[in-house]
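J.: The structure is given below, and queries will be raised subsequently.
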Amino acid sequence: MRLSNSYQETKHILIIILLLTVIFSFNDGSEIFNASNYAINFILALVLVTLSILVHLFVLKFSGKHYGVSPTFRLWSLEEFINLHPVTWKKTKSFHANFSGPILAILITLISNGKAFFTALFTFDIKNTKTIGRPYANITEKEIGQIAFLLIFSHFLLVVLFKLLNINLGVRINTWIIVWNLIPFSTLIGARIFFGSRVLYIFTLTISIATLTLIGILSTTVALIISIVFAILLVALFLWYIESKL
């Protein structure tokens with residue numbers, strides 16, 4: 001199973017890995033710049049970011065194969081937030097349109113001195129032929145939402161893993177990826193989940209926020225148990241009071 005199907009996709013993968021590495025290694029915690037400390041922090045960030053993106057790609061391709069489609073990993077642009085449609089990367093000539101997201105990510109990192117990070121930088125496309133009554137021939141929006149859920153869940157598992165291994169930078173990287181990609185706008189991963197299934201989105205949002213909040217003050221096991229119970233209760237309330245009335 002190939003993690004990239006084209007030169008364009010490979011280029012986007014490398015851009016994302018490099019960009020996330022730069023912003024997450026920007027502040028190494030030193031009051032005075034030290035080249036050796038920064039180099040060590042950069043290499044650590046590169047390894048953790050690469051691992052996180054490779055897991056993301058594996059889940060994307062594997063789940064896509066399960067549904068009989070071939071998803072494409074790509075950069076996400078702010079133009080898609082404004083115009084609410086994907087940017088045609090191969091046709092557009094505008095540097096601003098293509099790289100507005102990466103530019104914003106760098107600006108936020110610089111302004112915050114490496115304490116805040118913009119990670120809504122990537123999404124995925126599924127190219128397919130439309131059929132009557134369905135946006136895709138071989139896959140439904142619900143199934144696309146399930147693919148998106150698995151992507152968020154993979155980063156969720158990485159947060160738990162890095163927390164157990166006491167690798168704080170790994171926890172930080174995947175936490176920020178989850179937070180920004182849960183936003184249900186445009187073609188972001190969160191929007192794929194929301195429009196595929198509101199119930200699944202509420203469950204994903206609740207368990208993610210609860211776990212990311214509690215994991216810093218409770219043991220990992222206790223945080224997970226409380227988060228799962230809370231997410232199930234919230235979904236049940238949603239189904240009972242809201243969904244049943246629609």
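J.: Could you compute the FRET efficiency for Ile167 and Asn5, with r as their C-beta to C-beta distance and R0 at 25 Å, rounded to 0.05?
T.: 0.20
J.: Say each of Tyr38 and Phe195 gets a label point 7 Å from the Cα, pointing the same way as Cα to Cβ; how far apart are those two points in nm?
T.: Here the answer is 4.2 nm between the modelled labels.
J.: Using a 10 angstrom Cβ neighbour count of at most 13 plus a DSSP loop assignment to flag exposed chymotrypsin sites (Phe, Trp or Tyr not before Pro), which longest range of the chain is free of such sites?
T.: Working: sites that count: Phe33, Phe185.
Free of exposed loop sites, the longest segment is 34-184.
J.: Still on this structure, please answer the following. Using 1/(1 + (r/R0)^6) with R0 = 41 angstrom and r between the beta carbons of Tyr241 and Ser70, what's the FRET efficiency to the nearest 0.05?
T.: Numbers: r = 40 Å, r/R0 = 0.97.
Approximately 0.55, to the nearest 0.05.
J.: Could you state, as a whole-number percent, how many of the C-alpha pairs of the chain are farther apart than 24 Å? Each step should come with its number before you reach the end.
T.: Values: 14985 of 30135 pairs.
So the pairs more than 24 Å apart make up 50 percent of the total in the chain.
J.: At 0.36 nm per residue, minus the direct Cα-Cα distance, what do Phe230 and Leu54 gain on full extension? Give it in nm, one decimal, please. Display every interim value, and only then the final one.
T.: Values: separation 176, 0.36 × 176 = 63.36 nm, distance 3.04 nm.
This chain segment gains 60.3 nm when fully extended.
Values in this text are rule-based calculations from the coordinates and carry no lab data. Since we're looking at a predicted model, the values are computed, not measured. A quick note on method: Cβ atoms are made from the backbone with ideal geometry, for glycine too, and the neighbour counts reach across all protein chains shown.
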